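Since every read-out is calculated from the coordinates, none of them should be taken as a lab result. Since the structure is predicted, the reported quantities are computational estimates derived from the model, not experimental observations. Cβ sites come from the backbone with ideal geometry, for glycine too, and all protein chains shown count toward neighbours.
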């Protein structure tokens, strides 16, 4: 979406003030600018779209991306709109609107609209698959110790409930090649293996795995693949049809920067009928993916704001954003890889990373490192200490400046020099 289309769409969203004037009383409207040039001045302008707490440099965008003001203003309008119409909205157009947003998401990620449902987050998406899979006693699942805890816990639950056997591998931080990773998973496959969970991007290091190759390998053995894409959508280009996976889950309040409580689940249309829903849904055919989506009454204004988040992403451009995120990660990681006592836990190869990285200091526990960075240098990060990863996860955002990263680089060098 270009700047004119974005501003037009924003204007259409704000036009609800004509119908709901009380929502716009005494409120100033900002004109959101998207310059033509792509340089530091461009990103400085993008930074003005955010309200940022001045107490620290925020390098922890991985948990929750702060919402840019254009999206946030639209979200507030949706809250007003739904509240104004009340039950009339809920009993008439809520489902059509949600389907429309889901279809737009499907177009963004390269799948069919009848293969995608809006959920609340990655945990809900993938746990729907893990718990809804038609397990039989003795069947096997494979995943990595670097995978997210909520999904590993769900696999433990189905192991206790159904007698599933879980096999856990450990993904190296710096693999020699794709084949090393593929063979790691393949070595655990037997004739009882039914499902492999694999991260598209490992959340604690930012390591991007060769998903298509893993899926092709697994399918050659008759094994299905569920992909954790929590940190991928709107971070870099994802085409689910090209991945050849069976299931894909993500959180949209991360890199798409929607309000909290938005995600999606993709299920290959041939797999929909086999899954049990979390909650029973009335009068749905087995192949209808919406039967997996019943959670009762929920905050539908969040669903509507997904549209605005996509508008904002398209106004910047996904390709431009991806390029910026890769640049920011390499801006700090490349110089620090050469520093004594500094350990970068993210692969150096460009195709194995994007905006997320992880760095540690020899002899300094990750929790202490995060504390030093915050208390001494006013830099907020998150400590990771386990699964062969010992350091702080560094997740800048489109509002992050190179000046802030210069401060971070010097902070790590200073701490490393004390060892």
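Some observations on this one:
- For the chain, the relative contact order is 21 percent, taking Cα pairs closer than 8 Å that sit 6 or more residues apart in sequence and dividing their mean separation by the residue count.
- Between residue 187 and residue 314, the modelled labels are 4.6 nm apart [label points 7 Å from Cα along Cα→Cβ].
- Over the chain, DSSP H runs of length four or greater, each weighted -39,500 (n - 2.57), average out per residue to a 222 nm ellipticity of -13000 deg cm²/dmol.
- When the Cα gyration tensor is reduced to axis lengths a ≥ b ≥ c, the ratio a/c is 1.5 or higher for the chain, and with a/b not above b/c it is classed as oblate.
- Among 92, 401, 381, residue whose mean-square fluctuation peaks in a GNM of the chain (springs only between Cα atoms under 10 Å): 92
- When the convex hull of its Cα atoms is projected in every direction, mean area for region 235-282 (nm²): 4.6
- Contact order normalised by residue count of region 94-308, Cα under 8 Å, 6+ apart, percent: 26
- Summarising the strand pairing of region 94-308, around 35 percent of its internal DSSP beta bridges are antiparallel.
- Modelled spin-label separation between residue 280 and residue 107, with each label point placed 7 Å from Cα along the Cα-to-Cβ direction: 3.8 nm.
- Multiplying each eigenvalue of the alpha-carbon gyration tensor of region 94-308 by 5 and taking the square root yields semi-axes of 27, 20, 15 Å, largest first, rounded to whole angstroms.
- Cα centroid separation, region 260-293 to region 118-155: 15 Å.
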